Structure formats: structure tokens, C-alpha cells
Amino acid sequence: MKLRSAPLEDWLRDYYFTAEIDISSSGVHSYSMAELRALTGIEHSEIDALVFDDGYSLGTPEVRQAIARRWGDGDPGKIMTTVGSGEAISLVLTALLRPGDEVVVVQPGYHSLIELAVGLECTTRVWRLDFEQEWRPQLDELADLVTERTRAVIVNFPQNPTGVSVTEAQMREIAGHAERVGAYLLWDGAFSDLVYDNPPLPDISTIYSRGIGFNTFSKAFGLPGLRFGWCLGPADVLADCVRIRDYTTLHTAPLVELLALGVLKNADAFLEPRLKQARANREIVREWAAATPEHVSVVLPAGGVAAFPRLNGHTDTYAFCEDLFQRRGVLVIPGSCFGAPQHVRLGFGGPTDQLVDGLERMTDELAKQGDGR
Ligand SMILES: Cc1ncc(COP(=O)(O)O)c(C=O)c1O
């Protein structure tokens, strides 16, 4: 596979660990182990009883059952647990795609959902989201992009980095376009449990036979360091994924799955407080945008905890993001990491005081630069 570097990861490697204020993340405020144990009731004795044997290629039966019950159609045979959803995305794309296949991808978007197909030498057809249209996906454009040669359509709604989403009716329409030509529809649902106005979308695997859903504990659940994700899809595709996995990670770590099962059994206890905080923080972003119209234009996200404002007057925000970090200790992500250089990704899922402080410092830097430095 000929992969280009992932600019988002390059940026985070340079700045994430030393940021004074991080308002860049696409996930909510992370939980600690003590909090995880308190919310799940997992005792130290249960952790001590774990023997470090090998694990199941597709995940333990209990964990797969719990995922199937909450997000799937109840059939654990359609579930594979992975090292973050990143592993699931990479396994599924590697299993399904061959050089020359046509693949529809969304831009701006998260690099794995675009670049893996490029690296696998597929022909990508870009379904572009336009800021001027408030990022709203244009379904008639998708209809033109999907052809008899389309092997897969890859989407992520609610979306990173724009926060835009679709209704369930639109989800079914997207599935209809894929079904018309027998294409797979890969749906990254990383933010499905982080929505503000509409109920969560169903997992795509429950509404389309060639639909494959990805999900993770890294975003809505506040557990990115646990590295736990999964996908839901046809058993034959999962079997092909296992054949690839036999050469890489083999299986998800039993310790991770022990903790994950506890989280799955108490999912709402993890989700609800963080969603409440995200909802309040989203209002702060709304107020900030309304108070600084000369500097930023924002479409408020329908889901997730990232907004993707355009910085007025900037053709490429990279230097601004570097200045903001160096001079004011604030981490955001340059839009170029998502193929939209006039924008920055702003994460509002963290502690409210940090968000407020970070936005104030950002406004100061914008004002300073607007004044000609
Ligand atoms: C849309 C989307 N999908 C997948 C991932 C991968 O996350 P993880 O491997 O931690 O589950 C990310 C991480 O930022 C993401 O934004």
C-alpha cells in the first residue's frame, strides 16, 4: 500500500503532549481508570483474576453480544472488535478494495476514510461538502458520483471535522444509491451517540445488507486511550478481515475487552454526563461565534464535539495555528489536515473552563493578527 503521511497525526505528534489548553479534540473529556471502575463496578479482584491468554479473533462472545444488542440487529456474528475503530476501518478497506476500484469519499474528512482507498490504488470520487451550503451533504451529487463501477461509498455522519449530519431518511437514501449498484456502504458512526437535536442514527448494518458500520469508545465514551473499537457487517467480510488480522494484531487485548464489557453494560452512565457537558459547551461556541463575526464564521455542529470554523481572511490557517500554540499555549487543528485550509478544527468536548479560556486566547490572537500583528 502506498500511503501518504497523515497531517493530522503529524500535527498532534508535535503539539498534543505539550499543549497548555487543548481545544482541538474530536472526543469528549477523557475518563480515568478510577472513574471507569466507579461507573462499571469492576473490582480490582476481577482485574487480578485475568490471565493473559490469547483472545478471540473477532472479540469475546460476551462483548460481541453486548454490541450486537445495543447497535446491531442482535446477531453477534456480524461484530468484530478492534484496536480502536481505526483498525476496523483499515481491515475492512484492505479486505474489500482492489487497485482500480471506484470509491466515493467525502471531503473535507478524516484521513483514514479517504487516504486508505488512495493508498490501495482505488479511483476516488469526491463527494464534497461546501461551507457555503453549511456543509449539508447534497444527495443529488452523490447520485451522480455512484456508478456501476463503484465498489464502496465511505461516509461519516455525524462528521469529523464539520459536525454535519443527515436524517435517517437521508441515510436510507444514501443506502439506496449504494444498493442500486451493489456497492458496499461504509458508515463511520464514531459520533452517533453524540447528537444534539435528533435521535442517534441507526447502525448502517441494520438497514442495508452491504452496510458496514464502524464505532469506537474514543469519542462519545471518553476512552480514546483504551483503544477499543468495532465494526458491524456481513460475516463473510469479517472473515476476510480476520485473514488480514492474522498477520497484524491477531485480536483485541483481553484486558481491554474486560474493561470494555463493563463499559458496554453501563454505556449510558458514560455517555450522558459528557453529552450534557458537550451540549452546554456547544452554546459557548455559539456565543463566541456570535461575538466575533469579524474573525470567524461557524456552522454549529449537529453531532460530535468538533466545530470547523472558517477564519475570515485566512487562505491557510496553518501558520495561525502554530502562532496560537507558540504564543498562547492553545491547541487547535489546521483545516489543511482535513483538506480545507481556510478552517480550523475546534474541539468543545473538554472541560468548560478550558474551552472558555482557549476561546478567549484565540480571540486575542485573531485580533492581534487582524491588527497586522
Ligand atoms: C471519524 C473518525 N473515525 C475514526 C477515528 C479513529 O478513532 P479510534 O481508532 O480511536 O477509534 C477517528 C479519530 O479521530 C475519527 O475522527
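The values are calculated or read from the model by the stated rules, or taken from the named source; none is laboratory data. Computed from a predicted structure; not experimentally measured. Note that each Cβ is placed from the backbone with ideal geometry, even for glycine, and that neighbours are counted across all protein chains shown.
Remarks
- Taking residues in segment 31-49 that are surrounded by 12 or more Cβ atoms within 10 Å (Cβ to Cβ), and partners anywhere that are among the charged types (D, E, K, R), the pairs with Cβ atoms closer than 8 Å and at least 6 places apart or on different chains are R37/E43; T40/K265.
- Lone unmet requirement of (1) part of a loop (DSSP other than H, G, I, E, B); (2) surrounded by fewer than 24 Cβ atoms within 10 Å (Cβ to Cβ); (3) modelled with pLDDT of 95 or more for D197: (3)
- Test: residue in segment 234-254 that is under 24 Å from E46 (Cβ atoms), within 16 Å of the ligand (Cβ to nearest atom), over 19 Å from the mean Cα position of the chain (by Cα) and surrounded by 23 or more Cβ atoms within 10 Å (Cβ to Cβ): yes
- In the set (1) in contact (Cβ under 8 Å) with a residue 12 or more places away in the chain; (2) out of contact with any Leu (no Cβ under 9 Å at 6 or more places or on another chain); (3) not aliphatic (A, V, I, L, M), the condition left unmet by F228 is number (2).
- Some residue of segment 233-249 being under 29 Å from W135 (Cα atoms) and assigned by TED's automatic domain parsing to the domain that holds P76: yes
- Looking only at segment 38-71, residues that are of a type in the set (D, E, K, R) and touching a His at 6+ places or on another chain (Cβ under 8 Å) come to 1 in all.
- Unique match (being over 21 Å from T81 (Cα atoms), of a type outside the set (D, E, K, R) and within 12 Å of the ligand (Cβ to nearest atom)) among P199, P161: P161
- Candidates are the residues of segment 1-58 that are in a loop (DSSP other than H, G, I, E, B) and basic (K, R); the one that is farthest from the ligand (Cβ to nearest atom) is K2.
- Remark: R136 matches the filter, which requires a residue to be under 19 Å from the mean Cα position of the chain (by Cα) and part of a loop (DSSP other than H, G, I, E, B).
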